[in-house]
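None of the figures in this text is laboratory data; all of them are computed from the coordinates on show. Only a predicted model underlies this, so the values are computations on that prediction, with no experimental measurement involved. Methodologically, a virtual Cβ is constructed for each residue, glycine included, from the backbone with ideal geometry; neighbour enumeration extends over all protein chains shown.
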Amino acid sequence: MPKSRILYLDAYDSFSNNITTLLKDSLPVTVETIEIDDARFVLNDDAFQHYLNTFDAIVAGPGPGHPADPKDVGLIGKLWSLPEDCTLPVLGICLGFQSFALAFGAKIERLKEPRHGLVRRLTHCDRDIFTGFEELHATHYHSLHVRLEHDVEQHCDARLWEPSRTCKQLVPLAWDVSDDANGAILVGARHCHKPFWGVQYHPESICSSGGAELIQNWWSEACRWNAGRKRRTIVPAALKPSDTRPEKTMKRAAQREPCTVHWRKVSCHETVDVASLVNILRDHGEGNEPILLESGVRGGNPVNPETGRFTIIGLPEIGARQILWSVKDQLLVIEEGGKVIYSRQTTIAEVFTALDEAIDKRKARKGPAGVPFWGGLVGFISYEAGLETIDVLPAKEKCGRPDIWFVLVERSIVVDHIAQMVYVQTTRDNDQAWLNDTERILQATADHLPTGRAMLNSDSAGDVVAGPTQTEYRTKVRACQEQLRAGESYELCLTDQTLVRNPTHPWTLYQRLRRANPAPFGACLHFATSHTHGGMKLDVIGSSPERFISWSRSGKCQFRPIKGTVKKTPGMTKEKAEALLSSEKERAENLMIVDLIRHDLNGVAGLQNVRVPQLMQVEEYSTLYQLVSVIEGNLHPSTPLTAALAVSLPPGSMTGAPKKRSCELLRSIEGVGEARGLYSGVLGYLDVGGGGDFAVVIRSAFRWGDEGIWRVGAGGAITALSEEVAEWEEMLGKRQSLVDVLLGSP
Ligand SMILES: C=C(O[C@@H]1C=C(C(=O)O)C=C[C@H]1O)C(=O)O
Ligand SMILES: NC(=O)CC[C@H](N)C(=O)O
């Protein structure tokens, strides 16, 4: 027997994949998803009705915007007035519920205080789709609500469960009566005789209880209705490939013979000082700048042993292969040996395929066990490249520099800060001489690497060239909150840029930064092309605390979003920070991003078992306390290397939710004359063994060679509960360590 079929109508929400996963996990069904503006159906009601006949039921999803705006609800708006013989059971969630209620006479109004990421206990009628629940906790993401004109004063009044005078067809099923500011809010209802149900909360959220049971209750009701009507679902003919939403994966390159990693291990009796090691390697190198991805150390221990155990020093040869792409000209360029060896206009999806193939070609099966990087591609993907993956156009005049830039690293040194071990590695054949030499140099110095005495070259003071004023920033916070109140977004990560001029050598500046703010994702890199973009140069110094994504060679994929920040002012302790970060505001900010990242992960084809092993724990960094969650899933061995990365850009912690609408809004609110660029993008590596690790580019500065000016981005998540001054101060706190370093006043 073919499985029952549910259609999911996606209103461009950042939680949709969590809902479809919940449906698939809780019911014996297949789920097909289309967007609310699917071009096959928006102007063709016959085709839509024909298509609907191939389903047993529909879930109309949540999303940004207003249910009365056809652009926001699209096809969802057509469900409520279908001809009798086409009607089928629908569950509306949030926006979907509002659209349903609006169609039957309810008023949709703004809440006095929007509720985004807030978890509340519901009062329900214990029947219909709410049968069998004792306590039900519900996560809310809404600014608008359904008003039925109940003239009920008492929350325990039996009339709560009766239709109101003005809206006789809607039967209330659940309320939230815990909200003093907003009064009683309708959170569940059904139509008195049509097969329409709706909830105003998110049953799929990690913090909602009873999601699966609610869905099962609804499915039983839906099946009963279908059986009562003897409704027959038409089994669809085999769908043409163009009829299904393309899976967001790319082709996998054909398997080749595995490459070999040659390596040596040098043990050190003292803590390895990375700066000294880099200085030695620079002295002995061929003039090329090492690429440093450093795990910061404080008092001899990694600042975060879980994400920051290893330091990677890439030693690309002069003329090493580089892969570049920019949003503006969509040109994929490969340079090698100082020449352009490939150049073609491509979509960003093809760039990911090119990166996959570049690694597949060099795939290694064996190398030092436990060392996460054996060689591979090191580089970044800008925020604007991320926007491209979700069809948000960055203002083109803001682009033009490389948005994706990776350099091939064949020789590398990896420091294991816990085992006090240094690995010398090469993926080149016939590289024994280099291995021997480097091992010898490290052996000779290993036991007396000068700790913490790295030489600082001459340096100058810097000056701030441009940056936001408090008034400007606060105006932008207000603009964000107006959008939040209107239901256009649940959370917006507002950012701004400060420009600092300082001609000091980047390596000197980085050495200051690593001492002032050791971080698990420290970075110092210098990239340069020979031809592409007219001979482009880039310097980055970074001290990011935030992992975006990592995946192990065996396919364990992890995200570690940070959301929630407390500055280390005098007298601030971890206990006090924990108390502050346990506030509803901070937890709501974090929860929204956890749900968003679960959605991103649930969207990776073949990925299984999305879980949240750590929900909102306080972690301590040099200058801040941060609230951190961990989301994991298992990648299938056949999943292309960059698949999970490609579907989850730009990082949700730098956008807000829902991601697409929030990015569109931020584009106009931020209005900075420049792209965010590397800031808010990701930086890290793709390893020839099959793993990868990328940080979110924050607490970092970058400089394009032609400018001599460092850009420091900083910002924070704005929610309805944010306070203007506190947001301004949070932004200052986040940029401070970088600005201090660049001004020369650590
Ligand atoms: C926007 C920044 O940081 C992001 C926002 C955070 C927040 O709102 O609490 C925390 C970490 C980052 O994801 C930044 O550092 O500039
Ligand atoms: N989660 C949602 O679907 C939100 C619906 C609507 N945009 C609101 O804010 O009320």
| Two-decimal Rg/Rh across the stretch 538-685, once Rg and the Kirkwood Rh are taken from alpha-carbon atoms | 0.98
| Assigning unit charges at the beta carbon (Lys, Arg +1; Asp, Glu -1) and nothing else, what dipole magnitude in debye, to the nearest 20, does the chain show about its Cα centre? | 940 debye
| query | What residues have an amide H closer than 5 Å to that of GLY705, excluding those fewer than 5 places away on the same chain, when H is modeled at 1.01 Å from N in the peptide plane? | reply | LYS537, LEU538, ASP539
| Amide H contacts of GLY400 (H built 1.01 Å from N, under 5 Å, at least 5 apart or other chain) | VAL327, LYS328
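Under the 0.36 nm per residue contour assumption, what length would be gained going from the current alpha-carbon distance of LYS574 and VAL340 to full extension?
Details: separation 234, 0.36 × 234 = 84.24 nm, distance 5.23 nm.
Difference between extended and current length: 79.0 nm.
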| remark: Under the rule rounded for a/c under 1.5, else prolate if a/b exceeds b/c, else oblate, using alpha carbon gyration tensor axes a ≥ b ≥ c, the stretch 10-72 is classed as oblate
| note | The rounded separation in angstrom of the Cα centers of the stretch 303-343 and the stretch 32-64 is 43 Å
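Rounded to the nearest 500 deg cm²/dmol, what is the calculated helix-only ellipticity per residue at 222 nm for the chain, with -39500 (n - 2.57) per DSSP H run of length n ≥ 4?
On the way: 17 runs with 192 residues, N = 746.
Result for the chain: -8000 deg cm²/dmol, rounded to the nearest 500.
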| remark: Applying the gyration tensor rule to the Cα atoms of the stretch 262-743 (axes a ≥ b ≥ c; rounded if a/c under 1.5, else prolate if a/b exceeds b/c, else oblate), the class is rounded
| note | Burial-style ranking of 693-703, 475-485, 37-47, average other-beta-carbon count within 10 Å with highest first, yields 693-703, 475-485, 37-47
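For a quick protection proxy, order the peptides 368-377, 165-174, 574-583 by their average other-Cβ count within 10 Å, most packed first. Write out the running numbers ahead of the final one.
Numbers: 368-377: 21.3, 165-174: 18.9, 574-583: 15.0.
Ranked by mean Cβ neighbours within 10 Å, highest first: 368-377, 165-174, 574-583.
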| Using modelled backbone amide H atoms (1.01 Å from N, in-plane), which distant-in-sequence or interchain residues come within less than 5 Å of VAL261's amide H? | LYS366
| request: Subtract the Cα-Cα distance of THR30 and ALA158 from 0.36 nm times their separation in residues, and report this length gain in nm to one decimal. | output: 42.2 nm
| request: May I ask for the distance between the Cα centers of the stretch 534-592 and the stretch 670-699, given as a whole number of Å? | output: 14 Å
| HN-Hα J couplings of the stretch 28-44 from phi, Karplus 6.51/-1.76/1.60, θ = phi - 60°, integer Hz, Gly and Pro as x? | x, 9, 9, 10, 10, 10, 10, 7, 5, 10, 3, 4, 5, 10, 4, 10, 9
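Mind ranking 413-420, 604-611 by how tightly packed they are, going by the mean number of other C-beta atoms within 10 angstrom, highest first? Spell out each step's value before the answer.
On the way: 413-420: 19.5, 604-611: 16.4.
Descending mean neighbour count gives 413-420, 604-611.
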| task | With everything on Cα atoms, drop me the angle between helix 274-284 and the longest principal axis of the chain, reported from 0 to 90° to the nearest 10. | result | 50 degrees
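For the stretch 503-546, just say rounded, prolate or oblate: build the C-alpha gyration tensor, square-root its eigenvalues into a ≥ b ≥ c, call rounded for a/c under 1.5, and beyond that prolate if a/b exceeds b/c, oblate if not. Before the final figure, lay out each step's value.
Numbers: a/c = 4.52, a/b = 1.99, b/c = 2.27.
Because a/c hits 1.5 or more and a/b fails to exceed b/c, the stretch 503-546 counts as oblate.
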| query | Which order results if HIS137, HIS284, HIS599, HIS526 are arranged by neighbouring Cβ count within 10 Å, fewest first? | reply | HIS284, HIS137, HIS526, HIS599
| task | Rounded to whole Hz and in sequence order, give me ³J(HN,Hα) for the stretch 190-203 from the Karplus expression 6.51 cos²θ - 1.76 cosθ + 1.60, θ = phi - 60°, writing x for Gly and Pro. | result | 9, 7, 5, 9, 7, x, 10, 10, x, 10, 9, 10, 10, x
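Just how large is the dipole of the stretch 4-237 about the Cα centre, in debye to the nearest 20, putting +1 at every Lys and Arg Cβ and -1 at every Asp and Glu Cβ?
540 debye
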